[in-house]
Each structure stands twice: as structure tokens, then as C-alpha cells.
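Engineer: Sharing a structure below in C-alpha cells format, with a few things to ask.
The values are calculated or read from the model by the stated rules, or taken from the named source; none is laboratory data. Quantities reported herein were computed from a predicted structural model and do not represent experimental measurements. Positions of Cβ are generated from backbone atoms using ideal geometry, with glycine treated the same way; all protein chains shown enter the neighbour counts. Heavy atoms of the whole protein, side chains included, go into the accessibility calculation; ligands, DNA and RNA do not. Shrake-Rupley method; radii C 1.70, N 1.55, O 1.52, S 1.80 Å.
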Amino acid sequence: MRALLLLCLLASTAHAQDEFEIQVYFAETAHQGEPGLELHLNHHLIDGAANQTHTTFEPHYGLREWLELGGYLQASETRGSRPEFAGAKLRLMARVPHRYWNERIGLAINGELSIVPSQFEANVYGSEIRPIADFREGRIYGAINPIITMDLGGDLAGHPQLEPCAKLAYLVNGSVSIGVEGYGAFGPIDDLGREEVERGFVTLDYKGR
């Protein structure tokens with residue numbers, strides 16, 4: 001199980017960015033036949049969704065040593081009200097079986113389909129392709145995901161959009177790391193700059209079994 005705690009919001013959010021599963025992916029997959037569960041939890045303090053808590057459960061399963069199937073079940077809760085269903089997603093992630101440069105660099109790609117109620121995402125239906133590259137050297141870890149999303153409904157349906165993210169972290173011990181993550185949204189590739197929003201987080205990651 002992996003829990004991600006978002007500690008500090010440094011910039012306003014972009015409407016095109018995922019407000020539930022806020023994560024920079026690493027280039028690893030579950031072992032063949034191995035199930036797992038991740039929990040994503042974030043609380044909005046200073047943007048338009050103030051006092052709103054988002055929870056995402058992400059079960060996944062290793063189909064092959066290099067291929068992983070995963071899904072998301074999302075919920076949203078505003079202070080004083082009951083949790084709402086906030087959508088579901090299905091993803092498939094494949095990685096290059098070996099790492100490069102003496103096991104330092106990993107490469108993978110993730111594909112995703114989503115259906116999210118209109119009060120959370122106006123387009124309702126969406127998809128993404130997420131190339132992944134990560135780097136490990138001692139206690140230092142870094143990753144970059146130059147994400148391409150595509151709405152399957154709404155005004156921007158059929159227009160690929162650029163939403164890159166990156167991470168730099170320090171491994172405190174075998175279970176805990178601290179770091180920073182940055183996210184951007186720059187609008188459709190055929191009209192870059194239509195949207196230009198950036199945000200950053202200080203993060204605490206816990207990974208256990």
C-alpha cells in the first residue's frame with residue numbers, strides 16, 4: 001500500500017489537471033500475479049475547491065513482469081456533507097523489462113480511459129498517454145512524465161493536450177521519502193499557451209507491505 005500526503009500547495013490548480021490522482025508515475029510494474037493497492041488522498045485549501053477532500057483507491061495487478069493493469073475509484077467530500085462518487089478509471093502500464101545505465105534509468109508508458117461526473121470534469125469522458133522516465137542514484141530519485149491527455153467529450157474533444165509533471169525526492173529509509181513535485185497544463189498541442197498553469201507540492205511518500 002502506498003499513501004501520498006500532499007503537504008503544501010504552492011500554486012493555483014488548472015481545471016484540465018487531475019484533481020484526484022495527483023502523482024508522478026515511476027517506471028516499475030507489479031510482479032506477475034501480484035496484487036496491490038494505492039491510496040491517494042489530498043485536501044484543497046486555497047483554490048476554488050476549498051475544504052474539499054479527494055480520495056482515490058487504486059487497485060492494480062501484475063499481468064506480466066513488465067505489464068500492469070490498474071483502476072481508480074474516486075470520491076469527493078466537502079466539509080459537512082456526505083462523500084460523492086467522483087468517477088472511475090482504467091489503465092494499462094507497460095515498461096521496458098530492463099533498466100539502463102547500470103540500473104539507474106527506467107522507461108515505461110501508461111494508457112488510461114476515464115469516466116468522471118460532470119461536476120468534477122466537464123468533458124466526462126477522457127483518456128491519456130503517459131510516457132515515463134525515472135532515475136535512481138543512491139537515495140536520490142527523479143522522474144518525468146510528459147503526459148498527453150485527450151478529452152473524449154466536450155469542447156476540446158479530439159485535441160491532444162500537454163500536461164507534463166516531474167518529481168525529485170530523497171529516500172529517508174526503505175519506506176519513507178520526501179520530495180517536491182511540479183505539474184503543468186499548457187492546453188491543446190495545436191494551440192499551446194491557451195492554458196498555462198503550473199503548481200507544485202512538497203510531498204511525503206510512504207510505501208509498505
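Engineer: Looking only at residues in the range 122-147 that are among the acidic types (D, E) and touching a strand residue (DSSP E or B) at 6+ places or on another chain (Cβ under 7 Å), which one is farthest from G179 (Cα to Cα)?
Structural biologist: E128
Engineer: Something else about it: Those residues that are in contact (Cβ under 8 Å) with a residue 40 or more places away in the chain and of a type in the set (G, A, S), I need them from the range 127-146; list them, please.
Structural biologist: Matches in the range 127-146: A133, A143.
Engineer: Which residues, taken from the range 118-134, are surrounded by fewer than 18 Cβ atoms within 10 Å (Cβ to Cβ), of a type outside the set (V, I, T) and under 10 Å from T149 (Cα atoms)?
Structural biologist: S127
Engineer: With the structure loaded, tell me whether G179 is of a type in the set (G, A, S), over 23 Å from G111 (Cα atoms), buried (at least 17 other Cβ atoms within 10 Å of the Cβ) and touching a Lys or Arg at 6+ places or on another chain (Cβ under 7 Å) or whether it fails that test.
Structural biologist: yes
Engineer: Being assigned to a loop (DSSP other than H, G, I, E, B) and open to solvent by less than 80 Å² (accessible area, probe 1.4 Å) is the filter; apply it to the range 89-117 and report the residue that is nearest to A143 (Cα to Cα).
Structural biologist: R104
Engineer: Now for a separate question. Is it fair to say L162 is under 19 Å from I22 (Cβ atoms), in a strand (DSSP E or B), open to solvent by 80 Å² or more (accessible area, probe 1.4 Å) and in contact with a Phe, Trp or Tyr (Cβ under 9 Å, 6 or more places away or on another chain)?
Structural biologist: no
Engineer: Let me ask something additional. Looking at the range 1-57, which of its residues are of a type in the set (A, V, I, L, M), open to solvent by 50 Å² or more (accessible area, probe 1.4 Å) and at pLDDT below 85?
Structural biologist: Scanning the range 1-57 gives M1, L5, L7, L10, L41, L45, I46.
Engineer: Evaluate the range 178-193: report whether one residue or more is farther than 25 Å from L41 by Cα and in a strand (DSSP E or B).
Structural biologist: Taking every residue of the range 178-193 in turn, at least one turns out to be farther than 25 Å from L41 by Cα and in a strand (DSSP E or B).
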